[in-house]
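All remarks here apply to the structure that follows.
The values are calculated or read from the model by the stated rules, or taken from the named source; none is laboratory data. Note that the coordinates shown come from a computational prediction; the quantities given were computed from them, not determined experimentally. Glycine also receives a Cβ, built like all others from the backbone with ideal geometry; neighbour counts cover every protein chain displayed.
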Amino acid sequence: MSKIYHKRLVNADSMVKEAHKNKYAIGHFNINNLEWTKAILSAAQETKTPTIIATSEGAMKYMGGPGTVVGLVNGLLEELNITVPVALHLDHGQSVEMAKKCILAGYSSVMFDGSHFPYEENLAKTKEVIDFAKKYEVSVEAEIGSIGGEEDGVIGKGELGDPKQAGEMAKTGISMLAAGIGNIHGKYPEWWTTLSFETLEELQAAAKMPMVLHGGSGIPQDQVKKAISLGISKINVNTELQLAFRDATRKYIEEKKDLDDAGKGFDPRKLLAPGYKALVDTFKELTGWFGSQGKA
Ligand code: 13P
């Protein structure tokens, strides 16, 4: 017999609009498994933070598929009694078909990343996703320009967004717009110094809507705050959580706690506990910077 879920996912539209109006940013956190999902949802509830949890196509496939992700998230919303607004978002959906598949599985928000297509094709495909998403009240994120670096096989050259395209995309009915502004997925290389705030200002003047900062790991706090003041309303974080988890797990193993057989240090629930705590702490630190804590 099916179970009725009382705690519902919401789409990201009103979250990012509120954030845009009041100059803070919603954190988008990529998940990989149970520990990631539970840590983020628990920390969001504890800090009263509206939150977007996301899967790349790669993470979604790793976890089994969109149905597994939706089941996991809905189950935790219910059983952890999560009452803050939570959206489940497809990150960098590469095709219209993938966006539709996730919408039908129960995602409440999707990114259609058509930045690898010629611009006119990106625009047309984004509109197709919006037409479909509307029927299910699912929010849509589009991308112009591209984010530098590589994430889960999605590679971008880092072209800056074009203000004319930003203005056009803004009229399609998207809830949020991602653009290349000198941001890079993964660890920022040594030579990198700054986001292009000039580009962000031009894009915001043209689009006048919530914009998304991808590659949110490792950007200095003053730059994050400046970006928010210039119209960034959603910040995507993946690598920073992975590094925090790695460091905490490494410490546990280097201290040989996993070899404490008498104390069952090998129990995965013990082995993964320091990493879990590091995820919670990183969420709290970053959403503190973003200004989204206490906004639920
Ligand atoms: P980072 O891995 O650099 O935090 O980027 C995350 C991201 O932009 C997801 O879309």
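Given the criteria closer than 20 Å to residue 22 by Cβ, within 22 Å of the chain's Cα centre (by Cα) and among the hydroxyl-bearing types (Ser, Thr, Tyr), does residue 196 qualify?
no
If residue 281 meets every condition in (1) without any contact (Cβ under 8 Å) to a residue 60 or more places away in the chain; (2) touching an Asp or Glu at 6+ places or on another chain (Cβ under 9 Å); (3) in a helix (DSSP H, G or I) apart from one, which number is that one?
Evaluating residue 281 over (1) without any contact (Cβ under 8 Å) to a residue 60 or more places away in the chain; (2) touching an Asp or Glu at 6+ places or on another chain (Cβ under 9 Å); (3) in a helix (DSSP H, G or I) leaves (2) as the failure.
Exactly one condition in (1) at pLDDT 95 or above; (2) touching a helix residue (DSSP H, G or I) at 6+ places or on another chain (Cβ under 9 Å) is not met by residue 22; state its number.
Residue 22 satisfies all of (1) at pLDDT 95 or above; (2) touching a helix residue (DSSP H, G or I) at 6+ places or on another chain (Cβ under 9 Å) except (2).
Table: residues versus (1) touching a Gly at 6+ places or on another chain (Cβ under 9 Å); (2) assigned to a helix (DSSP H, G or I).
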position: 187; (1), (2): yes, no
position: 192; (1), (2): yes, no
position: 195; (1), (2): yes, no
position: 198; (1), (2): no, yes
position: 212; (1), (2): no, no
position: 218; (1), (2): yes, no
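Restricting to segment 45-68, name every residue that is closer than 26 Å to residue 98 by Cβ, in a helix (DSSP H, G or I) and not polar (S, T, N, Q).
57, 58, 59, 60, 61, 62, 66, 67
Just to be sure I understand, how many residues within segment 227-239 are touching a strand residue (DSSP E or B) at 6+ places or on another chain (Cβ under 9 Å) and either assigned to a helix (DSSP H, G or I) or within 14 Å of the ligand (Cβ to nearest atom) (or both)?
Number satisfying all stated conditions: 9.
If we keep just the residues of segment 104-158 that are farther than 22 Å from residue 13 by Cα and charged (D, E, K, R), which is modelled with the lowest pLDDT?
It comes out as 157.
What is the number of the single condition among (1) in contact (Cβ under 8 Å) with a residue 40 or more places away in the chain; (2) in contact with a His (Cβ under 7 Å, 6 or more places away or on another chain); (3) among the charged types (D, E, K, R) that residue 127 does not meet?
Condition not satisfied by residue 127: (2).
In segment 16-72, which residues are under 15 Å from the mean Cα position of the chain (by Cα) and β-branched (Val, Ile, Thr)?
Passing the criteria: 16, 26, 31, 37, 40, 49, 51, 52, 53, 55, 69.
Return the only residue of 7, 38, 21, 17 being charged (D, E, K, R) and either surrounded by 24 or more Cβ atoms within 10 Å (Cβ to Cβ) or not in a helix (DSSP H, G or I) (or both).
Answer to the selection: 7.
If I go through segment 163-184 residue by residue, how many of them are surrounded by fewer than 24 Cβ atoms within 10 Å (Cβ to Cβ) and touching a residue at least 24 places away in the same chain (Cβ under 8 Å)?
Final tally of qualifying residues: 10.
Across segment 230-279, what is the number of residues that are touching a Leu at 6+ places or on another chain (Cβ under 8 Å) and of a type in the set (S, T, N, Q)?
Looking only at that region, the number is 2.
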